[in-house]
1. Return the average number of partner chain Cβ atoms within 10 angstrom of each residue Cβ along peptide B:46-54.
2. Evaluate Rg over Rh across the protein assembly as shown, taking Cα atoms for both radii and Kirkwood's formula for Rh.
3. What is the order of B:95, A:47, A:39, fewest Cβ neighbours within 10 Å to most?
4. Antiparallel versus total DSSP beta bridges in chain B: what percent is that, nearest 5?
5. For the stretch A:26-66, report the % of Cα-Cα distances exceeding 12 Å.
6. In a shell of Cβ-Cβ distance under 15 Å around residue A:106, excluding residue A:106 itself, what net charge do Lys and Arg (+1) and Asp and Glu (-1) give?
7. Give me the one-decimal nm value for the distance between modelled label points at residue A:11 and residue B:2, 7 Å along each residue's Cα-to-Cβ direction.
8. Across the residues of B:36-43, average count of Cβ atoms on other protein chains within 10 Å?
Amino acid sequence: DAKTTQPTSMDCAEGRAANLPCNHSTISGNEYVYWYRQIHSQGPQYIIHGLKNNETNEMASLIITEDRKSSTLILPHATLRDTAVYYCIVRWSDMRFGAGTRLTVKP
Amino acid sequence: SQTIHQWPATLVQPVGSPLSLECTVEGTSNPNLYWYRQAAGRGLQLLFYSVGIGQISSEVPQNLSASRPQDRQFILSSKKLLLSDSGFYLCAWSITGLGTDTQYFGPGTRLTVL
């Protein structure tokens with residue numbers, strides 16, 4: 001009953017932009033898109049969230065399509081420390097993380 | 001700024017023993033508090049959440065219980081641990097407002113039941 005779908009894994013070269021996609025075709029009009037990441041054996045770390053407009057903070061940018069059925073998290077200059085599992089979450093009432101995307105940043 | 005603490009960081013307990021995990025939040029008032037469990041290689045499963053002192057909602061029937069004795073303290077307990085209780089336990093907090101409910105997670109407690 002996952003509300004979002006993400007690729008299982010992705011690789012990215014160090015210093016390059018990492019673009020992580022997420023599909024959330026059942027999103028409702030007032031639901032936010034949240035992104036978190038989890039480095040092995042640590043608690044999930046909040047990255048960014050958005051409703052309609054694109055968002056940017058010190059960690060990443062979030063691009064949401066006009067129909068809001070998908071989004072992309074962008075890490076502009078990936079480092080080795082960005083290697084983690086990235087979770088896209090839509091419905092907090094569901095309060096479950098799906099499988100996420102395992103991003104591996106390679107030197 | 002807000003911080004969330006969990007202890008202990010790791011715990012090894014025998015089957016049938018009791019459990020008490022503690023979570024405290026600093027720098028905010030009246031937070032929503034959550035307990036999650038993560039099995040190895042899996043996603044997070046919500047166990048309990050609380051919107052105020054003494055108020056606990058259980059999401060999954062199981063061998064565990066939760067209590068909120070103070071505004072910023074959340075405790076996860078068990079009277080008798082099972083092997084299946086092993087996992088990574090995460091506490092989180094949020095403040096409801098402005099239409100968002102961003103959750104912030106603690107460092108977690110890794111529990112191994114032998």
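Taken together, the values in this text are just the output of simple stated rules run on the coordinates, not laboratory data. Keep in mind that this is a model prediction, so the values were computed, not measured. Here the Cβ positions follow ideal geometry from the backbone for every residue, glycine too, while neighbour counts run over all protein chains shown.
1. Details: counts 5, 1, 0, 1, 0, 0, 0, 0, 0.
Taking the mean over all residues of the peptide, I get 1.
2. Values: Rg = 17.8 Å, Rh = 18.2 Å.
The Rg/Rh ratio comes out at 0.98.
3. Working: B:95 16, A:47 20, A:39 13.
Going from least to most buried by this count: A:39, B:95, A:47.
4. Working: 37 of 41 bridges.
Beta bridges within chain B, antiparallel portion: roughly 90 percent.
5. On the way: 506 of 820 pairs.
Counting pairs separated by more than 12 Å, the tail of P(r) holds 62 percent.
6. Details: positive: A:16, A:81, A:102; negative: A:11, A:14, A:82.
Net of charged neighbours comes to 0.
7. 3.9
8. On the way: counts 5, 0, 4, 0, 0, 2, 2, 9.
Mean partner-chain Cβ count within 10 Å for B:36-43: 3.
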